[in-house]
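See structure below.
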Amino acid sequence: MRNRAAAGQRHAIALPLLSCVFLGCTGSVRAQDASSWKDIETKYIFGFTTGSGIGLEGEKEFTVDSIGRFGKRDGHYAATETKYEFEFTPTQFIQIEFGALGSTHNIGGVTGLDDRSQVALSGAFAEFRYLAIERTSNNPLAVTLAVEPTVRRIDETSGERVRNFEFETTVNADLELMKNRLFAGFNLLYEPEVTQTATGYTQREATVGGSAALSLRVASNVVLGGEVWYLRHYDAANLTSFTGDAVMLGPTLYVQFTPKMFMTAAWNAQVWGREVGNLVSLNLAEFQRHRARLKFAWEF
Amino acid sequence: MSAVLMMKRLTLAALCAVAMLQVSPSRAQQATEVQVTYSKGQFQPSEVTAPADKPITFRVKNLDPKAMEFESKSLRVEKVVAAGSEGVINVRALKPGRYEFYDDFNEKARGALIVQ
């Protein structure tokens, strides 16, 4: 009950904060002339939600993309996974990315997880993005389809040595609501994975979900916004064994430092969740209390 | 079928799908050529037109004594054109609309392609 109240309190704080960000920014935006701004690449302006952008033909980019997950039901829990990523756009419709994964785990006193403090090179990934619907001055909608196979030797949640194969499939859509100023982003996610532990046990699972985000360009190089994610977890790739779901909510920030260098930051808090067979608030078995993202990119 | 094998097959299928999508029929069509000159930090003409649904070849002649970067988010192209030289940029067949381009090294240099 106390957890439910706390979650509600967080929700109550987060919503007005987001509203203030939007309302506070509207005034300064009115004062600026967005028509003189260059078009913006939408891929990274929505936080954890990915926009439809695929870059420019011939463009290459190196990025460091860290995602941190914090807080379980008890004890202390902090885990990060960082992508060291090279991406390039070979055609005007396709983007390819690949790279290595590094992870950190700092876990103590969490039920069901071994205590651990470690840093490791944890795996590798590749991503293929195809722009299916492109935005024009007459069509504000753009849609990109993406697949991202990933292999890990370190479990994302527990930090244990495993063999994990994941195949993330996403639909990334965005709408330009006001020319050069206001954008809405939407993602659909299906992420099946199989994990083989050191003891030979094989676990199959899948996460499905969707997100909605709203981002306002408050200056030519700064975008502020908020996003909400709904995620469902299954103990089967074919979605037959539902184990719980969660709603994550939080603000997003994008800053372009130079024409070739930018950063994006986002923070999500779990504001609602449930675990099947466990009458507690929030789903902290499959998800976390908070997650944060910090990404820096250099184009060349 | 083991789960690992299934994942490998899914990855292979996705790669094949991406490769097939990459084959664009527009490559076979005759491209419309658009000539733009870059001089004194400005595009001339600053507005050019091209027909819809046909690929476009931009020929950008840089007459300035320093390099410029022809770039456009909506056209999804970028190319550095050295001082005193010409850059050729191929663009896919486009739908009707306005597509802005600029020099990424010079905020003030703007132009637009009107596709109709």
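I'd like to verify a number: residues in region A:70-80 that are surrounded by fewer than 20 Cβ atoms within 10 Å (Cβ to Cβ) and either among the polar types (S, T, N, Q) or in contact with a strand residue (DSSP E or B) (Cβ under 9 Å, 6 or more places away or on another chain) (or both), how many?
To start, the set of residues in region A:70-80 that are surrounded by fewer than 20 Cβ atoms within 10 Å (Cβ to Cβ) comprises A:70-71, A:73-76, A:78, A:80.
This time we only want the ones that are either among the polar types (S, T, N, Q) or in contact with a strand residue (DSSP E or B) (Cβ under 9 Å, 6 or more places away or on another chain) (or both), so: A:70-71, A:75-76, A:78, A:80.
Looking only at that region, the number is 6.
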Determine which single condition A:Lys179 fails, assuming it passes every other condition in (1) in contact (Cβ under 8 Å) with a residue 12 or more places away in the chain; (2) in contact with a strand residue (DSSP E or B) (Cβ under 9 Å, 6 or more places away or on another chain). (2)
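Pick from region A:185-199 the residues that are surrounded by fewer than 19 Cβ atoms within 10 Å (Cβ to Cβ) and part of a strand (DSSP E or B): which of them is nearest to the other protein chains (Cβ to nearest Cβ)? Walk me through how you get there before you give the answer.
Of region A:185-199, the ones surrounded by fewer than 19 Cβ atoms within 10 Å (Cβ to Cβ) are A:188, A:190, A:196-199.
Next cut, part of a strand (DSSP E or B) only: A:188, A:190, A:196-197.
On the way: A:Leu188: 16, A:Tyr190: 11, A:Gln196: 8, A:Thr197: 13 Å.
Out of the qualifying residues, it is A:Gln196.
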Can you confirm whether region B:3-16 contains a residue that is at pLDDT below 95, within 24 Å of A:Gly55 (Cα to Cα) and more than 10 Å from chain A (Cβ to nearest Cβ)? yes
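Select, from A:Glu81, A:Glu127, A:Glu85, the only residue that is within 12 Å of chain B (Cβ to nearest Cβ), assigned to a strand (DSSP E or B) and in contact with an Asp or Glu (Cβ under 9 Å, 6 or more places away or on another chain). Steps first, answer last, please.
Numbers: A:Glu81 fails: within 12 Å of chain B (Cβ to nearest Cβ); A:Glu85 fails: within 12 Å of chain B (Cβ to nearest Cβ).
One residue alone meets the criteria, A:Glu127.
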Given the conditions (1) modelled with pLDDT of 95 or more; (2) in a loop (DSSP other than H, G, I, E, B), which single one is not true for A:Thr240? (1)
The one condition A:Thr202 fails out of (1) closer than 25 Å to B:Glu100 by Cβ; (2) within 14 Å of another protein chain (Cβ to nearest Cβ) is (1)
Residues satisfying the stated conditions in region A:51-78, i.e. within 14 Å of chain B (Cβ to nearest Cβ) and of a type in the set (Gly, Ala, Ser): A:Gly51, A:Ser52, A:Gly53, A:Gly55, A:Gly58
A:Thr136: of a type in the set (S, T, N, Q), surrounded by 16 or more Cβ atoms within 10 Å (Cβ to Cβ) and at the interface with chain B (Cβ under 9 Å from one of its Cβ atoms), yes or no? yes
Say we look at region A:99-121 and pick out the residues that are surrounded by 16 or more Cβ atoms within 10 Å (Cβ to Cβ) and closer than 17 Å to A:Thr63 by Cα; which of these is farthest from the other protein chains (Cβ to nearest Cβ)? A:Gly102
I'm trying to understand the selection: among the residues of region A:34-50, which are at the interface with chain B (Cβ under 10 Å from one of its Cβ atoms) and buried (at least 24 other Cβ atoms within 10 Å of the Cβ)? A:Thr42
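Considering only region A:139-152, state which residues are of a type outside the set (Val, Ile, Thr) and either crowded, with 17+ Cβ neighbours inside 10 Å or more than 10 Å from chain B (Cβ to nearest Cβ) (or both).
Step one: list which residues in region A:139-152 are of a type outside the set (Val, Ile, Thr), which gives A:139-142, A:145-146, A:148-149, A:152.
Correct list: A:Pro140, A:Leu141, A:Ala142, A:Leu145, A:Ala146, A:Glu148, A:Pro149, A:Arg152.
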Whether any residue in region B:23-40 is in contact with a Phe, Trp or Tyr (Cβ under 7 Å, 6 or more places away or on another chain) and either of a type in the set (A, V, I, L, M, F, W, C) or surrounded by 20 or more Cβ atoms within 10 Å (Cβ to Cβ) (or both) is what I want to check. yes
Any residue at all in region A:229-250 that is surrounded by fewer than 16 Cβ atoms within 10 Å (Cβ to Cβ), small (Gly, Ala, Ser) and out of contact with any Phe, Trp or Tyr (no Cβ under 7 Å at 6 or more places or on another chain)? yes
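Suppose the filter is touching a His at 6+ places or on another chain (Cβ under 9 Å) and either outside any strand (DSSP E or B) or over 18 Å from A:Val223 (Cβ atoms) (or both); does A:Asn268 pass it?
On the way: touching a His at 6+ places or on another chain (Cβ under 9 Å): yes; either outside any strand (DSSP E or B) or over 18 Å from A:Val223 (Cβ atoms) (or both): no.
For A:Asn268, the condition - touching a His at 6+ places or on another chain (Cβ under 9 Å) and either outside any strand (DSSP E or B) or over 18 Å from A:Val223 (Cβ atoms) (or both) - is not met.
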With respect to A:Val218, is the statement that it is under 21 Å from A:Ala285 (Cβ atoms), hydrophobic (A, V, I, L, M, F, W, C) and either out of contact with any Asp or Glu (no Cβ under 7 Å at 6 or more places or on another chain) or not in a loop (DSSP other than H, G, I, E, B) (or both) true? no
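Taking the conditions exactly as written (under 29 Å from A:Leu282 (Cα atoms) and without any contact (Cβ under 8 Å) to a residue 12 or more places away in the chain), does A:Thr202 satisfy them or not? Quick ask: steps written out before the conclusion?
Details: under 29 Å from A:Leu282 (Cα atoms): yes; without any contact (Cβ under 8 Å) to a residue 12 or more places away in the chain: yes.
Here the answer is yes, as A:Thr202 does meet what is asked.
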From A:Gln256, A:Gln270, which residue is out of contact with any Pro (no Cβ under 8 Å at 6 or more places or on another chain), within 14 Å of another protein chain (Cβ to nearest Cβ), modelled with pLDDT of 95 or more and under 26 Å from A:Gly68 (Cβ atoms)? A:Gln256
Does region A:236-245 contain at least one residue that is within 15 Å of A:Phe48 (Cα to Cα) and out of contact with any helix residue (DSSP H, G or I) (no Cβ under 6 Å at 6 or more places or on another chain)? no
Return the residue satisfying two criteria in turn: it lies in region A:254-264 and is in contact (Cβ under 8 Å) with a residue 40 or more places away in the chain and either hydroxyl-bearing (Ser, Thr, Tyr) or in contact with a Leu (Cβ under 8 Å, 6 or more places away or on another chain) (or both), and of such residues it is farthest from A:Glu61 (Cα to Cα). A:Tyr254
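The values are calculated or read from the model by the stated rules, or taken from the named source; none is laboratory data. None of these values were measured; they are calculated from a predicted model. We place every Cβ from the backbone using ideal geometry, glycine too, and count neighbours over all the protein chains shown.
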